[in-house]
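Handing you this structure, nothing more for now.
Please treat every number below as a calculation from the coordinates, not as lab data. Since this is a predicted model, take the numbers as computed values, not measurements. Note: ideal-geometry Cβ built from the backbone for every residue, glycine included; neighbour counts use all protein chains shown.
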Amino acid sequence: MNTNFNIKALIRPNVVALQPYSSARDEFKDFDQEMIFLDANENPFKNGVNRYPDPQQRSVKSVLATQKGVETAQILVGNGSDEVLDLLFRAFCEPNSDNVITLPPTYGMYKVLAGINAVENREVLLTNTFELNVAEILKQQDKNSKLLFICSPNNPTGNVFNVAAVSELLENFNGLVVLDEAYIDFSESSSWHTKLSAYPNLVVTQTLSKAYGMAGIRLGICYASPEIIATLTKIKPPYNVNQLTQQKALKRLSDISNIKKEIDSIKDERHKLSKALLEVDFIEKIYPSEANFILVSVDDAKKRYKQLLENGIVIRNRSSQPLCENTLRLTVGTPEENNILIRVLKKLNS
Ligand SMILES: *Cc1c(COP(=O)(O)O)cnc(C)c1O
C-alpha cells in the first residue's frame, strides 16, 4: 500500500467544487418503467431511440461487474477508452502546472491528450529490451506528477510488463498509475483489475475495440476505486455512451464463448504468423507478442511498407517511435488474410 497516496488531494480543485449537470434521466432514474415521460423534451413517438440513453449505463456495468468480479461503483464506461483517458486528464491534471509520465515507445494518445489538456508529458523511455525503467520513472516524479501511463501488453512492442516492476511503481508513484489493458485478452497474464483493493492509486482501462471485436461502437471501460470512479463520473458528458452502443455491447457480452473462440483463433494465428515470418529474409527481428499484432524489425521499413501497400496490404510503420527504428507493426488478421500476407512477404524476399 502506498501510504503517500491521497486521492482527495489529487483531484483538481475546480472538479471538487463542481456541481455536476443533472439530467432528466438522473433525476428520474427508473426510466424502464411504463411511465409518461414529459421531462426531457424528447419526441414522444417511438422509433427505438427517441429516448435519451441511461446516463449511468447500469445494464452494461452490471454485466461487466459480474464478469470481472468487481462492484459497479468501480466501473466507468466511456465513448472508447480514449474518452476515459481524457477524463483522467481533466479530473486530475491542472493545465500548465501538472505533469504526466509516459513510457515510449507506447500508445500515441497519451501524448496527444497531454497536449490537448496543456499538461506536461515527461517521457521516460523503456529500456532497449522494452522493459520499465523503474528507477528513472521514480526520479522523474515530482509533486505535480498526477498520472503514470503503463500500457501492458504494450502497443507497439507487444510485451507485458513484469509484475514486480509494476508493483514497485504502484507502491512508489504518488499519483494514479493507469494500466492500459486494451490487449489484455490476448495475453496469458492476468489483468490488474483483480488488484484494485490492494492499490488505491490503480486505474485499469480496457476496451471492447480489440479482442471483443467492437471498435465501431466505441466502448471503453475504466476500473478503479469508487472514489476515482465517482470523480470521473462527475465530469463525464451525461450521455457519453449512446443507446445503440449500450445495446450492442450487452448483446456481445452475453456471448462470451464466441468472443473466446475468436481470441483463441487470433492467438493461434499469431503463433503461426510469428513462425512464418522467420522465413522472410528481410525481417531481422520478430518481437514476442502477447497482443493481436506483431512488431518486426526490417532492413528498410519505408520500402517494405510501400511494397506491401502496392500489394494491397496496409500495415503500420512504427519507425518514428523511439527504439523502433525500421520496425513495422502487423495486426493479426483472419487465417486467409495472414496467408496472403505471408505469401506477399516471401515474394518480396528477393
Ligand atoms: C487500440 C487501443 C486503445 C483503444 O482505444 P478505444 O478508444 O477504446 O478504441 C486503447 N489503448 C491502446 C494502447 C490501444 O492500442
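So, in the stretch 257-347, how many Lys pairs have Cα atoms under 19 Å apart, if the pair is 8 or more places apart or on different chains?
19
I've got another one for you. Using a Gaussian network for the chain with springs between C-alpha atoms less than 10 Å apart, which of these wobbles most: Ile217, Ile116, Ile228?
Checking each option, the largest mean-square fluctuation is seen for Ile116.
Ok, one more. Build a GNM of the chain with springs between Cα atoms under 10 Å: which of Val77, Val203, Val166 gets the top mean-square fluctuation?
Top of the fluctuation ranking is Val166.
Once you charge only the Cβ atoms, +1 for Lys and Arg and -1 for Asp and Glu, what is the size of the charge dipole of the chain about its Cα centre, to the nearest 20 debye?
500
If you don't mind, there's one more thing I want to ask. For the stretch 129-139, take each phi angle, set θ = phi - 60°, evaluate the Karplus expression 6.51 cos²θ - 1.76 cosθ + 1.60, and give the result in whole Hz per residue in order, putting x for glycine and proline.
9, 6, 9, 6, 8, 4, 4, 5, 4, 5, 5
For each of Met35, Met214, count neighbouring Cβ atoms within 10 Å of the residue's Cβ, then give the residues from fewest to most.
Met35, Met214
Taking the Cα centroid of the stretch 165-232 and of the stretch 282-323, what is the distance between the two, rounded to the nearest whole Å?
28
Could you rank the peptides 310-319, 67-76 by their average count of other C-beta atoms within 10 Å per residue, with the highest value first?
Ranking the peptides 310-319, 67-76 by packing returns 67-76, 310-319.
Quick one: Karplus J couplings for the stretch 111-123, per residue in order, coefficients 6.51, -1.76, 1.60, θ = phi - 60°, nearest Hz, x for Gly and Pro?
Running phi through 6.51 cos²θ - 1.76 cosθ + 1.60 with θ = phi - 60° gives 5, 5, 5, 4, x, 4, 8, 6, 10, 5, 9, 8, 9 Hz.
Can you give the FRET efficiency for Ala165 and Val112, using 1/(1 + (r/R0)^6), R0 = 22 Å, r = Cβ-Cβ distance, to the nearest 0.05?
According to the calculation, E is roughly 0.30.
Please report Ser97, Ser257 as a ranked list, fewest other C-beta atoms within 10 angstrom at the top and most at the bottom.
Ser257, Ser97
Toward the positive end of the charge dipole of the stretch 257-347, about the Cα centre and with charges on Cβ (Lys, Arg +1; Asp, Glu -1), which of Asn258, Phe282, Gly312 goes farthest?
Gly312
Taking the Cα centre of the stretch 1-93 as origin, sum charge times position over the Cβ atoms of Lys and Arg (+1) and Asp and Glu (-1), and report the length of that vector in debye to the nearest 20.
Using only the charged Cβ atoms, the result is roughly 320 debye.
For the chain, what does the helix formula give at 222 nm: sum of -39500 (n - 2.57) over DSSP H segments with n ≥ 4, over the residue count, nearest 500 deg cm²/dmol?
-10500 deg cm²/dmol
If the reach is capped at under 29 angstrom between alpha carbons, list the lysines near Lys234, excluding any in the same chain fewer than eight residues apart.
Of all the lysines, those that pass the test against Lys234 - Cα under 29 Å, at least 8 places apart if same chain - are Lys8, Lys29, Lys61, Lys68, Lys111, Lys143, Lys146, Lys195, Lys210, Lys248, Lys251.
Right, here's the next one. Residues with amide H under 5 Å of Leu147's amide H, sequence separation 5 or more or different chain, H placed in the peptide plane at 1.01 Å from N; which?
Ile101, Leu176
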